[in-house]
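To keep things clear, I will list the structure first and then write my remarks on it.
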Amino acid sequence: MAGVTPSSLSSRMRDRSPGFVASVLGGVLAAGLGLAVFAVLVMVLWISSPYPDSGPGGALHVAAALWLLAHGAELARTDTLSGVPAPVGVTPLLLLVLPVWLLYRAARDAVEGEGGGAGGDGGGSEGEEGGEPVGARTAWAGVVAGYLGVAVGVAWYAAGGALRPSWGWTVVGVPAVAVVAAGVGVWSACGRPLEPFGRMVPRREGAQWGAVAARAAGAGAVALVGGGALLVAVSSVWHAGAARGAFLQLTEGWSGRFAVLLLCLALVPNAAVWGTAYAVGPGYVLGVGHVVTPLGSDPAPLLPPFPLLAAVPEAGTGTVWNWAAGVVPVVAGVVVGVFVGSAGAGSSGGVAQAPVEAWSRWRTVGGVALAGVGCGVVLGVLGGLAGGPLGVGAMARFGPVGWQVGGAVVVWVVGVGVPVGLWARRWRGRGVREFSWTGAGVVVGREGEAEVEEGVRAESGAECGAEPYDFDAVERGAEGDQGAPSGEPRWHGKEAREARWAALRDAAGGEESG
């Protein structure tokens with residue numbers, strides 16, 4: 001530690017501590033805003049309820065428990081008829097959006113600071129007074145520390161209510177959400193650099209290959225969840241009468257129906273994930289031993305009346321209409337294959353753009369496989385959050401099984417995406433053309449080799465009154481070119497320029513007509 005004096009060390013600590021403290025306060029503010037939203041919502045429902053079964057303290061305990069549930073923590077309901085605590089492990093995915101967004105914004109603002117955008121080196125930004133930039137690690141650690149500090153107090157407070165958090169799930173779920181969401185916010189504020197991923201792969205090309213696979217995985221996951229939502233929407237419309245009856249049967253009065261409507265809205269993303277699990281094959285569980293898949297539906301006989309459960313297919317063997325749900329993973333595989341194959345086709349470059357080398361077949365296959373694994377991980381995590389226990393006994397298993405959904409997604413995406421990706425790479429590679437002054441119609445092949453269209457060159461040369469590549473003689477200063485003024489290179493002459501432009505126009509016309 002040569003050159004480091006106590007005074008310089010203390011100066012650095014003074015300069016950097018305000019950035020860390022501000023990041024901690026940002027994490028505390030993010031947690032506080034999320035808690036405030038849940039508290040306001042629960043208090044409004046409690047005030048509007050004609051027969052509240054607890055005071056405002058009980059409502060605040062419920063709000064704290066719901067805040068933890070939104071982070072994936074499992075709860076235990078203690079006020080049961082049997083006296084045995086009943087677990088509640090289904091996370092309403094719409095509630096998860098709020099803490100994730102607040103953490104993302106807090107981390108991003110901590111890096112960018114009040115003085116503007118991120119620094120040029122991706123490490124942080126300077127504040128208004130021109131102090132030391134807040135480092136990405138400092139901002140991330142501060143936001144996470146502040147957020148988890150509030151979470152500890154919330155978990156301790158919620159433990160005294162009717163909905164008590166499971167300490168194991170709380171210790172895992174809340175930190176995981178905070179770490180990932182804050183990390184994405186910091187990464188976004190730093191300009192989304194590829195250097196962190198580049199450390200995991202030996203070359204820059206590997207980082208770019210991974211980035212393409214990540215984008216393809218995101219597109220495939222969106223296609224899968226969107227297809228699942230479409231299946232749920234179609235089934236809900238088909239069973240609209242049963243859904244309306246369940247909605248009216250659950251409760252009476254506008255306050256109760258408004259609460260049921262809010263619960264249904266919070267569970268709409270869960271229903272979309274359930275539809276995706278149904279489409280890829282494993283389906284979902286409606287009670288222990290009762291599975292609903294496209295091949296057959298066997299829901300539990302005594303399901304509670306709920307509008308979203310009215311969309312469950314009737315019991316019995318699947319029909320052609322049920323099997324048609326398999327179109328969803330096929331479309332997702334096509335999307336992933338097109339994404340990877342298009343990126344693997346390369347490009348001939350353009351004005352101020354360097355050419356991009358085409359990928360090999362095995363690299364394209366690897367990109368599709370990596371994207372398929374990414375899709376599987378995303379849908380597996382969503383499937384695990386969208387399902388869980390809703391009690392003991394028959395209701396101990398409810399919803400999709402995460403690892404089954406993730407494995408099925410990988411099989412579907414890789415199985416469909418590999419041939420589509422190879423086809424897209426071949427098809428897009430044919431359109432990558434490279435023109436030069438000495439030969440028009442050169443096509444960059446799939447393996448990066450030049451494939452010359454002899455017909456284009458011969459036709460162009462015949463119309464210009466020259467043999468193919470006859471412009472070389474003009475450019476080398478052949479005798480007889482009178483179009484160039486004295487002192488200029490002969491390939492600057494008028495006749496040479498007209499010949500070159502004629503060849504390019506003919507080549508472009510042949511390409512468009514082809």
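The values are calculated or read from the model by the stated rules, or taken from the named source; none is laboratory data. Quantities reported herein were computed from a predicted structural model and do not represent experimental measurements. Positions of Cβ are backbone-derived with ideal geometry, glycine not excepted, and every protein chain shown enters the neighbour counts.
Annotations for the structure displayed:
- Just one residue in the set ALA178, ALA223, ALA182 is within 30 Å of GLY283 (Cβ to Cβ) and either modelled with pLDDT of 90 or more or acidic (Asp, Glu) (or both); that residue is ALA223.
- Where a residue in segment 265-277 is in contact (Cβ under 8 Å) with a residue 60 or more places away in the chain and its partner, wherever it lies, is buried (at least 22 other Cβ atoms within 10 Å of the Cβ) and assigned to a helix (DSSP H, G or I), with Cβ under 6 Å and at least six apart: ASN270/ALA386; VAL273/LEU382; VAL273/GLY383; VAL273/ALA386; THR276/LEU224; THR276/GLY228; ALA277/GLY383; ALA277/VAL405
- Residue in segment 240-260 that is nearest to PRO50 (Cα to Cα), counting only those that are aromatic (Phe, Trp, Tyr) and surrounded by fewer than 17 Cβ atoms within 10 Å (Cβ to Cβ): TRP254
- Inclusion of ASP53 among residues that are part of a helix (DSSP H, G or I), modelled with pLDDT under 90 and charged (D, E, K, R) is not warranted.
- Test: PRO6 is modelled with pLDDT under 95, farther than 28 Å from ALA145 by Cα, surrounded by fewer than 19 Cβ atoms within 10 Å (Cβ to Cβ) and not hydroxyl-bearing (Ser, Thr, Tyr): no
- Checking every residue in segment 264-286 against the condition of being in contact with a Leu (Cβ under 6 Å, 6 or more places away or on another chain), part of a helix (DSSP H, G or I), β-branched (Val, Ile, Thr) and modelled with pLDDT of 85 or more gives at least one match.
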